[in-house]
Amino acid sequence: MDDSEEIAPAVQSILDAARERGGGGDRISVTPRSLPDAFDATAADGRTPVIAEIKPTSPTADGERTDDPVDLARQMVAGGAAALSVLTEPEHFGGSAATLERVRDAVDVPVLRKDFILHEEQLDVVEADVVLLIVRFLEADGTDDLADLLAAACERGFQVLVETHTAAEVEKALDAGADIIGVNNRDLAELEVDLGTFESVAPDVPESVTLIAESGIQTEEDVTRMRRAGADALLVGSAIMDHGETTDVTANTRRLTQTETDAATTTDT
């Protein structure tokens, strides 16, 4: 694959940097906090399961947040976040393994390591409850097979969120054995966001799979729309934690997690 034709330049830079990063050394073994159980508990409490994301900056953001990530994490949990996502990619997102470690020690909800893992040794960096594997990135890199990398992560105890964007990528994730699948509404080729992406892809995901809608979720209406389309949970970044601004992270999280959730019972998936 000529990934320069498949991925936007800003994303290509992230991929190139990921190819150069090594692993962390000793093999990691983790006892994870269950992500599906956290979602179920939140939904049973009448709230929308949300993974709230902590990232100091990003290639698509203006400005940078310099708040203590642990303070942000506690505010998100206070607002009702079922889980947290912590960026560990350093060059483009200002993240670090040390930040994730501090956050995970400070909260009792599952923590996703948001990074761009291409090789098995890159799993051995920091303990987390969930790691991310992106089908498009692994296809572009052409190094590690998704099924092999997913199995290697599970052997270490990680839960694995496999990110997709198309029905074909969902099929690859299912064939690899994924039981937690995310559908990214952002097209990595054009960086455009379309919530219709999730709506078109969600029917291809079996009910037995935990399904997460990612990117572009800004309002209570967006939350309801994604839940009606079949999302078990939502991954939300900028709507909770704007960059370059001091926002009420607890209030923003609560606004989305307290959105009416009975719409989820009408899903076709």
Express as a percent, rounded to the nearest 5, the fraction of DSSP beta bridges in segment 173-250 (both residues included) that run antiparallel. 10 percent
Ranking Val131, Leu84, Val205 by how far each Cα lies towards the positive end of the charge dipole of the chain (+1 on Lys and Arg Cβ, -1 on Asp and Glu Cβ), the top one is Leu84
Using r as the Cβ-Cβ distance of Asp248 and Val70, and R0 as 22 Å, what FRET efficiency do you calculate, to the nearest 0.05? 0.80
Can you give me the % of accessible surface on the chain that is carbon or sulfur? Probe 1.4 Å, all protein chains present, nothing else counted. 42 percent
Using θ = phi - 60° and the Karplus form 6.51 cos²θ - 1.76 cosθ + 1.60, what ³J(HN,Hα) does each residue of segment 147-155 get, whole Hz, x for Gly and Pro? 4, 5, 5, 4, 5, 5, 5, 5, 4
With Rh as the Kirkwood radius over Cα pairs, segment 28-259 has Rg/Rh of 0.92
Computed FRET value (nearest 0.05) for Asp145 with Ala10, which takes r as the C-beta separation and R₀ as 25 Å: 0.40
Rounded to the nearest 5, the percent of DSSP beta bridges in the chain running antiparallel is 5 percent
Can you give the extra length, in nm with one decimal, that the chain gains between Asp37 and Ala189 once fully stretched, where that is 0.36 nm per residue apart less the Cα-Cα distance? 51.4 nm
In a Gaussian network model over the chain where Cα atoms closer than 10 Å are linked, find which of Gly80, Gly142, Gly157 has the largest mean-square fluctuation. Gly142
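So with the 1.4 Å probe, I'd like the accessible area per residue for segment 18-170, rounded to whole Å².
Counting only protein heavy atoms, the per-residue value for segment 18-170 is 37 Å².
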Relative contact order for segment 28-259: what is it in percent, counting Cα pairs under 8 Å that are at least 6 residues apart? 23 percent
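The values are calculated or read from the model by the stated rules, or taken from the named source; none is laboratory data. From a predicted model like this one, the values you see are computed outputs, not experimental measurements. Please note: Cβ atoms are built from the backbone with ideal geometry, for glycine as well, and neighbour counts cover all protein chains shown. All accessible areas refer to the heavy atoms of the entire protein, side chains included, with ligands and DNA or RNA removed. Shrake-Rupley method; radii C 1.70, N 1.55, O 1.52, S 1.80 Å.
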